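*Asks:* Have a look at this one.
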Amino acid sequence: MEGEKGRVCVTGGSGFLGSWLIMKLLDHGYSVNTTVRSDPEHKKDVSFLTALPGSAERLQIFNADLSNPESFNVAIEGCIGVFHVATPVDFQDKEPEEVVTKRSIDGALGILKACLNAKTVKRVVYTSSASAVVVNGKDVEEMDERFWSDKDYIKAIKPYMGSYMISKTLTERAVLEFSEKFGLDVVTVIPSFVVGPFICPKFPGSVKTTLALVFGMYSFSISHD
Ligand SMILES: NC(=O)c1ccc[n+]([C@@H]2O[C@H](COP(=O)([O-])OP(=O)(O)OC[C@H]3O[C@@H](n4cnc5c(N)ncnc54)[C@H](OP(=O)(O)O)[C@@H]3O)[C@@H](O)[C@H]2O)c1
């Protein structure tokens with residue numbers, strides 16, 4: 001049964017925000033296509049998604065990976081809206097920054113192309129991050145749309161999560177450029193730390209980090225996966 005409000009796509013359904021969003025969208029009467037990375041060894045449990053109220057009738061799960069941007073095409077076909085939430089999360093910088101950033105940008109632009117091709121997508125919501133705005137060495141109390149994090153500054157100070165900061169900054173810039181060039185309605189959201197209850201099996205990094213700071217466990221807050 002199709003939801004009365006139409007079908008939307010959420011990328012990164014296995015994650016903290018993606019899974020919460022799916023739950024809320026189902027609750028509000030939408031049909032949802034979500035994407036998770038393929039799992040040939042069947043180690044990942046997606047029963048927390050398939051057990052959600054309304055999921056049997058209105059949730060479809062597809063495999064897609066940002067490393068293969070076209071893999072999102074099928075999940076986006078026929079959707080009225082797309083929430084691009086998935087992102088490479090490599091806080092320990094296991095891969096070179098350039099690799100992470102390329103995957104993030106190519107994946108996001110592939111998703112936007114699929115949205116144009118689908119001809120049904122009215123709006124795309126891209127989840128950016130405060131780390132795309134504030135890491136620029138500028139000593140001001142308030143920052144708005146005019147501010148961007150600075151890749152060279154991040155490279156110079158080498159902060160924890162540096163490659164994530166660069167990938168979020170350059171991906172949001174690429175997403176906004178694409179939307180302007182092709183007239184696609186794209187909204188970017190800039191969360192700082194998202195904290196609260198979660199339905200995914202993995203302990204969300206932002207919740208763990210925040211709790212660690214509350215309990216004074218600074219070294220733990222920067223050492224988790
Ligand atoms: N949580 C926060 O406080 C916060 C703050 C600011 C911005 N954000 C942004 O919000 C979004 C969601 O964050 P989150 O906290 O929910 O993170 P999360 O729980 O780590 O979720 C990230 C999602 O991205 C997927 N993903 C990673 N690499 C991928 C790839 N190569 N191809 C396809 N999917 C891939 C993950 O899949 P797997 O499960 O397979 O790894 C997971 O579903 C991100 O864009 C993040 O930058 C979050």
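*Asks:* With every protein chain present, what is the per residue accessible area of the chain (1.4 Å probe, Å²)?
*Replies:* Details: 12370 Å² over 225 residues.
With all protein chains present, the chain gives 55 Å² per residue.
*Asks:* Report, in degrees rounded to the nearest 10, the 0 to 90 angle that the Cα long axis of helix 205-214 makes with the longest principal axis of the chain.
*Replies:* 50 degrees
*Asks:* Same structure, new question: Could you sort H28, H84, H42 by their accessible area in this structure, using a 1.4 Å probe and putting the largest first?
*Replies:* Values: H28 100, H84 10, H42 155 Å².
Ranked from most to least accessible, the order is H42, H28, H84.
*Asks:* Expressed as a whole percentage, what fraction of the accessible surface of region 125-217 belongs to carbon and sulfur atoms when a 1.4 Å probe is rolled over the protein heavy atoms?
*Replies:* 57 percent
*Asks:* Also: What's the long-distance tail for region 7-196, i.e. % of Cα pairs beyond 26 Å? Please list the in-between numbers first.
*Replies:* Details: 5800 of 17955 pairs.
Beyond 26 Å sits 32 percent of the P(r) for region 7-196.
*Asks:* Between region 157-177 and region 75-103, how many Å separate their Cα centres?
*Replies:* Taking the Cα centre of each part, region 157-177 and region 75-103 sit 12 Å apart.
*Asks:* Separate question: Using only Cα atoms, tell me the angle between helix 162-182 and the longest principal axis of the chain; keep it within 0 to 90° and round to the nearest 10.
*Replies:* Approximately 50 degrees, to the nearest 10.
*Asks:* Rounded to the nearest 0.05, what FRET efficiency do V89 and K119 give with R0 = 45 Å and r taken as the Cβ-Cβ distance? Could you check? Present the calculation step by step, with values, prior to reporting the outcome.
*Replies:* Details: r = 32 Å, r/R0 = 0.71.
Once the sixth-power term is evaluated, E becomes 0.90.
*Asks:* Return the aspartates and glutamates within reach of K113: Cα separation strictly under 19 angstrom, same-chain partners fewer than 8 residues apart disregarded; answer none if there are no such residues.
*Replies:* Of all the aspartates and glutamates, those that pass the test against K113 - Cα under 19 Å, at least 8 places apart if same chain - are D65, E70, E77, E172, E177, E180, D185.
*Asks:* With a point put 7 Å past each Cα toward its Cβ, work out how far S47 is from A156 in nm, to one decimal.
*Replies:* Going by the 7 Å Cα→Cβ label model, 5.3 nm.
*Asks:* Roughly what angle does helix 16-27 make with the longest principal axis of the chain, taking Cα atoms, 0 to 90 degrees, to the nearest 10?
*Replies:* Tilt relative to the chain: about 30 degrees.
*Asks:* Something else: Leaving ligands, DNA and RNA out of it, work out the accessible area of M143 with a 1.4 Å probe and give it in Å² to the nearest 10.
*Replies:* About 60 Å², ignoring ligands and nucleic acids.
*Asks:* Just tell me which lysines come within less than 18 Å, Cα to Cα, of K158; anything on the same chain fewer than 8 places away is out.
*Replies:* K94, K138, K168
*Asks:* Among the listed pairs K102/K208; K151/K208; K122/K181; K44/K202; K119/K181, which have their C-alpha atoms separated by more than 18 angstrom in this model?
*Replies:* On the way: K102/K208 27 Å; K151/K208 26 Å; K122/K181 16 Å; K44/K202 10 Å; K119/K181 16 Å.
Listed pairs above 18 Å: K102/K208; K151/K208.
*Asks:* Moving on to the next point. Probe 1.4 Å, all protein chains in place: accessible area of I199 in Å², nearest 10?
*Replies:* Roughly 50 Å² of I199 is accessible to a 1.4 Å probe.
*Asks:* Counting only DSSP beta bridges with both residues in region 7-196, what percent are antiparallel, rounded to the nearest 5? Please report the intermediate quantities before stating the final value.
*Replies:* On the way: 1 of 22 bridges.
So the antiparallel bridges in region 7-196 amount to around 5 percent.
*Asks:* Tell me the label-point distance for the pair F193, L213, using the 7 Å Cα-to-Cβ offset, in nm and rounded to one decimal.
*Replies:* Inter-label distance under the simple model: 0.3 nm.
The values are calculated or read from the model by the stated rules, or taken from the named source; none is laboratory data. Just so it is clear, the model here is predicted, and its values are computed rather than measured. Cβ coordinates were reconstructed from backbone atoms using ideal geometry, including for glycine residues, and neighbour counts include every protein chain displayed. The protein model used for the area step is the full one, side chains on, heavy atoms only, and it has no ligands, DNA or RNA in it. Shrake-Rupley method; radii C 1.70, N 1.55, O 1.52, S 1.80 Å.
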